Amino acid sequence: MGKLEFKNINFSYPNGYKAINDLSLTIDSGEKVAIVGQNGAGKSTFAKLMNGLLRPSSGEILLDGKSTKDMTTAQISRRVGYVFQNPNDQIFNSTVYDEVAFSLRALKVEEDELDRRVRKACEICELSELLDDHPYDLPFSTRKFITIAITIANNCDVFIFDEPTAGQDAYSISCLKRVIDHLHGLNKTIITITHDMEFVVENFDRVIVMSNKEIIMDGDKKEVFDEDEVLQKAYIQPPVIKRLCNSISLNEKLLLVDDFVDYVKKMEGKK
Ligand SMILES: Nc1ncnc2c1ncn2[C@@H]1O[C@H](COP(=O)(O)OP(=O)(O)OP(=O)(O)O)[C@@H](O)[C@H]1O
Ligand SMILES: [Mg+2]
């Protein structure tokens, strides 16, 4: 569960602005995919097309083999959870508990089951101590975790995180990493949109690069961060270890601090 197929998708906003041009790709269930690219490339638009908030002007999207044309937005978003770039666009209840419970109540989930799901989702997102708090009394970073908890409580098959590390400190980013690992362990499909390349290399395998309404590269992170021309076109600065390797002309596909340390130790051992 959680496979998405996009077939020749085009999308224009009501004012006529074309934001997505002939986009085709497949994201398999259980994949961890990062969508990166310059401001205005069409990343968030693409994400909203994935969960039915926006509908393609032409082309077709399949969710687990079934065309989303035949599904309501509520039916799609129940399975494809989109965590907005800005949590304030999503939150309107007066307690954390009620916010996370809201869509389950709308679905008339039985009260014991609802309570279990809300508490479990809040535990995963480290919100258990805050259930009675007003979301707007909590920091922006915590509000982002409330919106993540909503998708977890809904037991979505696909999770889309739009700029999840923006405004998050190191502790919150480590919490986010634990949430992603938890969902990956459940074989959920996890998609992020981000400008944070360190977050990409630490948590994701496949990287899709968007530039000016189109996908200009789609591949394993080691291949993508080796394509200087693609990165320049999409205004992407490679992760710091990659830049370090480039600056000392080290022709190794290293992306993580740990990879670099292992490489140095290996070289030391050869001396
Ligand atoms: N409601 C709208 N009506 C008209 N144009 C829009 C609307 N929303 C977005 N756009 C335009 O569509 C293009 C793609 O926007 P989108 O938000 O998908 O970009 P993005 O890649 O997510 O950018 P960022 O990295 O800044 O979040 C932009 O040029 C944007 O101005
Ligand atoms: Mg965006």
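Any residue at all in the range 62-77 that's away from ligand 2 (no atom under 14 Å from the Cβ), within 25 Å of S103 (Cβ to Cβ), buried (at least 19 other Cβ atoms within 10 Å of the Cβ) and at pLDDT below 95? Checked the range 62-77: at least one residue is away from ligand 2 (no atom under 14 Å from the Cβ), within 25 Å of S103 (Cβ to Cβ), buried (at least 19 other Cβ atoms within 10 Å of the Cβ) and at pLDDT below 95. Of all residues in the range 84-140, those that are over 27 Å from S44 (Cβ atoms) and among the small types (G, A, S) total 2.
Could you list, in sequence order, the residues of the range 21-46 that are assigned to a strand (DSSP E or B) and either within 8 Å of ligand 1 (Cβ to nearest atom) or over 27 Å from N154 (Cβ atoms) (or both)? Spell out the reasoning first.
Residues of the range 21-46 assigned to a strand (DSSP E or B): 21-27, 32-37.
Within the range 21-46, N21, D22, S24, G37 meet the criteria.
The C-beta contact set for the range 248-261 (first residue touching a residue at least 24 places away in the same chain (Cβ under 8 Å), second residue exposed (fewer than 15 other Cβ atoms within 10 Å of the Cβ) and not aliphatic (A, V, I, L, M), distance under 9 angstrom, 6+ apart or interchain) comprises K253/E223.
Whenever a residue of the range 10-24 is at positive phi, its partners that are exposed (fewer than 15 other Cβ atoms within 10 Å of the Cβ), lying with C-beta atoms within less than 8 angstrom and at least six residues away or across chains, give the pairs D22/N8; D22/E214.
Scoring L131 on the criteria (1) under 25 Å from G2 (Cβ atoms); (2) at pLDDT 95 or above leaves a single failure, condition (1).
May I ask you to verify whether F6 is closer than 14 Å to V158 by Cβ and either hydroxyl-bearing (S, T, Y) or within 11 Å of ligand 1 (Cβ to nearest atom) (or both)?
Working: closer than 14 Å to V158 by Cβ: yes; either hydroxyl-bearing (S, T, Y) or within 11 Å of ligand 1 (Cβ to nearest atom) (or both): no.
So F6 fails the test.
The residues on offer are D162, D218, and the sole one that is within 16 Å of ligand 1 (Cβ to nearest atom), within 30 Å of D64 (Cα to Cα), among the charged types (D, E, K, R) and surrounded by fewer than 20 Cβ atoms within 10 Å (Cβ to Cβ) is D218. Residues that are surrounded by 19 or more Cβ atoms within 10 Å (Cβ to Cβ) and hydroxyl-bearing (S, T, Y) were ranked within the range 173-202; the one that is nearest to ligand 1 (Cβ to nearest atom) is T194. Across the range 143-187, the qualifying residues are those that are of a type in the set (D, E, K, R), free of Cβ contacts under 8 Å to residues at least 60 places away in the same chain and in a helix (DSSP H, G or I), and the one among them that is nearest to V100 (Cα to Cα) is R143.
The values are calculated or read from the model by the stated rules, or taken from the named source; none is laboratory data. What you see is a predicted model; the values in this text were computed from it and never measured. Note that we place each Cβ from the backbone using ideal geometry, even for glycine, and neighbour counts take in every protein chain shown.
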